[in-house]
1. Let me see the pair-distance distribution of segment 117-221: every alpha carbon pair, 5 Å bin width, integer percents in order.
2. What's the percent breakdown of Cα-Cα distances in segment 52-122 across 10 Å bins, shortest bin first?
3. If neighbour count is taken as other Cβ atoms inside 10 Å, put 79, 162 in order from fewest to most.
4. So how do 164, 195 line up by other beta-carbon neighbours within 10 Å, fewest first?
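Please treat every number below as a calculation from the coordinates, not as lab data. This one's a predicted model, so the numbers in the text were calculated from it and none came from an experiment. Methodologically, a virtual Cβ is constructed for each residue, glycine included, from the backbone with ideal geometry; neighbour enumeration extends over all protein chains shown.
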């Protein structure tokens, strides 16, 4: 079955990756110190620092995990939301592939069974002989051996047409009997009005319906093929994102927070008031 490879964009995957990009920061080693307030001096009464203390991970290992199973590298980097997204996309794409592959197989069985029932090699052979095509004298429409009869037909076809009849059951067999006009006389609804002079432009609704059913099977297989393309892209994107996520995980993020209380003189009240001051410092 002809499969046309059409690459789909994966913008929605990139968007999801950017949207949910995050660093997983574990806060440890909190130190708390309290001091006493004295008159109008600046006195630190509450100070604590929050530092990240963790073992570094390998970006290469994260990329490898996600190349095999999308989302696994993100899970390794403790980026659980993105891990779930990539894995869900993978499951969804394989589901789409399975659905359309099954539809394609079922549709193929349908149009092939229809052709087996409605296209007759002997009817086609009689038409060639009756219309006195060049080389048709060697055709015996009543030949019991189908392969021998096909060989006889091929001799005639090579002298008159662009295509010869392939072996029964081959993929090309089911294509040419519907695609090329010289085979139109073998269909069950073809009448005696199809002649050597008009067969090239003769329109038979039965053949049009058959080709439509065959194209439907091709469309299903195309969708399955597209799903595989996006699956591969999902693996590549997840691997790249996993390496980036692990690198972010390994970055040292330090947050120092200070809370100070100072006695500040108020000219309005003519006295000192205890006033809080906060400092936050983030180092990458």
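1. The percentages, shortest bin first, are 2, 13, 24, 26, 19, 10, 4, 2, 0.
2. 18, 26, 18, 14, 12, 8, 3, 1, 0
3. Taking fewest neighbouring Cβ atoms as first place, the list is 162, 79.
4. Starting with the residue having the fewest Cβ neighbours, the order is 195, 164.
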